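This report refers to the structure that appears directly beneath it.
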Amino acid sequence: MTTDSIFILSCDDGSVEQALAEVRAAAPDAFVLEMLADGVLLVDARLPFATLAAQWRRTPPIFVRHVAPVQVVAPLGGHTGDPAYLARTLPGVLPALEPGLSFSVQTRVLADVPYKPFDINTALASALTTESGPPLDVRAPVQVVSVACAVLKHWQAEPQLMIGGTTPGKGKRLAALAGVSLAADNLSNWAGGMRRFAREEGQISRAEFKLLEAIEVFGIEMPAHGVALDLGAAPGGWTRVLRRAGQYVTAVDPGDLDARLNGDPGVRHRRMTAEQYLHSDPDSFDIIVNDMRMDARDSARVMAAYAKLLYPHGWALMTVKLPEQDRQPVLDQTFAILRAQYTIAGARQLFHNRSEITLFLKPKRHGN
Ligand SMILES: C[S@@+](CC[C@H](N)C(=O)[O-])C[C@H]1O[C@@H](n2cnc3c(N)ncnc32)[C@H](O)[C@@H]1O
């Protein structure tokens, strides 16, 4: 029996089917042990977590947003003593952290208990921090101790996973599911892949978070004083993010831009559709972004037509709206249209994506 094959998977709660298909493509015998919450599943991969993680390092999934191994299960009382209890017991039973690599504790509380993730994060991190031990780095840890507090309704953990070695009786049981892994194996540096940004003064739209997250996830670098094209720009959140990164922006949208962008000489509003702008003798660009509300395949056709305006060193980013049903054929067609002109350098359903995914594109070099 393996005990290194159980993990917690997080995805958008509308994409569970797609996420499980990605798990099964990498681990054909995988099965779901329990739904812990909306979009949070306990899964047995039936192969070591490290093997699955290595596969996904090479070809990352689109819909699985975050994974974390479960190596220890600790029954909890559901009272304020739980964080201190976990800080006392987990360090002795979890796999040892590498002393030279930074770490962070990432807790998710998926049950009704009188404490917050922060309480467990701080108690456990201080118990794991010793003079010769690993340094704490909450923002960009190399290793992560993941803890999920959840009610188990069905799953009986193998005795070797349980603290104390005993399996509690049937019925609803509150437990902490914990494991240690490299952040790079978890598919995201953030607990459950939930990358939250603070609201900023002057923020124009919530869509800004989507662009900020994409820049981080795909490791995108902005050119110094580049020229950017923002298709479907209104009300102008993405334009604002690009301006703050020093780009000159052509914002194309039949709709109004937020009044706060009006006086900015670095923003040029073309009040028309992307299709119309293409026929108005447009410039060339270092960056093309597209957040148009449009059928995925139509949007891909627009992007394919715009590829000739992207400098060879440039990049493009687009959101792809997913239909309610038959998502896979629509995605396959969308990817095929784009691949004629672009290399798909990244594809993820981000935390800030709802019924959509985000693609990072590089122009294909034709003729060589
Ligand atoms: C989700 S909003 C974009 C939000 C924007 N990224 C922001 O941060 O404020 C989608 C926009 O796509 C625009 N749109 C839809 N079809 C378009 C087309 N054919 N050409 C240009 N814009 C289009 C809509 O007018 C709408 O403003």
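The values are calculated or read from the model by the stated rules, or taken from the named source; none is laboratory data. In this text, all values refer to a predicted model and were calculated from it rather than measured experimentally. No Cβ is skipped: glycine too gets one built from the backbone with ideal geometry, and neighbour counts run over all protein chains shown.
The figures follow:
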quantity	calculated
Enumeration of residues in the stretch 345-366 that are of a type in the set (Lys, Arg) and either within 22 Å of the chain's Cα centre (by Cα) or in a strand (DSSP E or B) (or both)	Arg348, Arg354, Lys362
Selection within the stretch 49-98 - farther than 25 Å from Leu152 by Cα and not in a helix (DSSP H, G or I)	Thr59, Pro60, Pro61, Ile62, Ala96, Leu97, Glu98
Boolean, Gly246 is in the same structural domain as Thr358 (by TED's automatic domain parsing) and of a type outside the set (Ser, Thr, Tyr)	yes
Qualifying position, being assigned by TED's automatic domain parsing to the domain that holds Ala347, within 12 Å of the ligand (Cβ to nearest atom) and in contact (Cβ under 8 Å) with a residue 40 or more places away in the chain, among Ala251, Ala234, Ala214	Ala214
Which numbered condition Ile215 misses (of (1) more than 23 Å from Pro69 (Cα to Cα); (2) in contact with a Lys or Arg (Cβ under 9 Å, 6 or more places away or on another chain))	(2)
Pair list, Cβ under 6 Å, 6 or more apart: the stretch 262-284 residue closer than 15 Å to Ala234 by Cα, other residue modelled with pLDDT under 95	none
Close pairs from the stretch 345-368: first more than 21 Å from Val330 (Cα to Cα) and not assigned by TED's automatic domain parsing to the domain that holds Met222, partner at pLDDT below 95 and among the small types (Gly, Ala, Ser), Cβ under 9 Å, at least 6 apart	none
Test set (1) more than 10 Å from the ligand (Cβ to nearest atom); (2) in contact (Cβ under 8 Å) with a residue 60 or more places away in the chain - Ala304 fails condition number	(2)
Subset of the stretch 175-199 (residues that are closer than 24 Å to Gly219 by Cα and in contact with an Asp or Glu (Cβ under 8 Å, 6 or more places away or on another chain))	Arg195, Phe197
Positions within the stretch 1-51 being free of Cβ contacts under 8 Å to residues at least 60 places away in the same chain, under 17 Å from the mean Cα position of the chain (by Cα) and closer than 27 Å to Met162 by Cβ, in sequence order	Leu9, Leu20, Val23, Asp38, Gly39, Leu41
Unique match (being crowded, with 17+ Cβ neighbours inside 10 Å and under 19 Å from the mean Cα position of the chain (by Cα)) among Ile62, Ile120	Ile62
Residues of the stretch 258-290 satisfying the condition of being surrounded by fewer than 21 Cβ atoms within 10 Å (Cβ to Cβ), within 13 Å of the ligand (Cβ to nearest atom) and among the polar types (S, T, N, Q)	Thr273, Gln276, Ser280
Count of the stretch 332-344 residues which are touching a residue at least 40 places away in the same chain (Cβ under 8 Å) and either in a strand (DSSP E or B) or closer than 22 Å to Leu187 by Cα (or both)	0
Criterion (basic (Lys, Arg), surrounded by fewer than 21 Cβ atoms within 10 Å (Cβ to Cβ) and within 12 Å of the ligand (Cβ to nearest atom)) met by exactly one of Arg293, Arg365	Arg293
Residue ID - farthest from Thr250 (Cα to Cα), chosen from residues in the stretch 312-325 that are of a type outside the set (A, V, I, L, M) and under 21 Å from the mean Cα position of the chain (by Cα)	Glu324
Residue in the stretch 298-311 that is under 21 Å from the mean Cα position of the chain (by Cα) and not polar (S, T, N, Q) present	no
Pair list, Cβ under 7 Å, 6 or more apart: the stretch 217-230 residue within 12 Å of Thr250 (Cβ to Cβ) and assigned by TED's automatic domain parsing to the domain that holds Asn353, other residue among the charged types (D, E, K, R) and in a strand (DSSP E or B)	Gly226/Asp286; Val227/Asp286; Ala228/Asp286
Residues of the stretch 4-20 classified as surrounded by fewer than 16 Cβ atoms within 10 Å (Cβ to Cβ) and over 18 Å from Ala150 (Cβ atoms), total	1
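Results for (1) out of contact with any helix residue (DSSP H, G or I) (no Cβ under 9 Å at 6 or more places or on another chain); (2) assigned to a loop (DSSP other than H, G, I, E, B); (3) β-branched (Val, Ile, Thr), shown as yes or no for each residue.
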| residue | (1), (2), (3) |
| --- | --- |
| Gly100 | yes, yes, no |
| Ala111 | yes, yes, no |
| Tyr115 | no, yes, no |
| Ala125 | no, no, no |
| Glu131 | yes, yes, no |
| Val144 | no, no, yes |
| Val147 | no, no, yes |
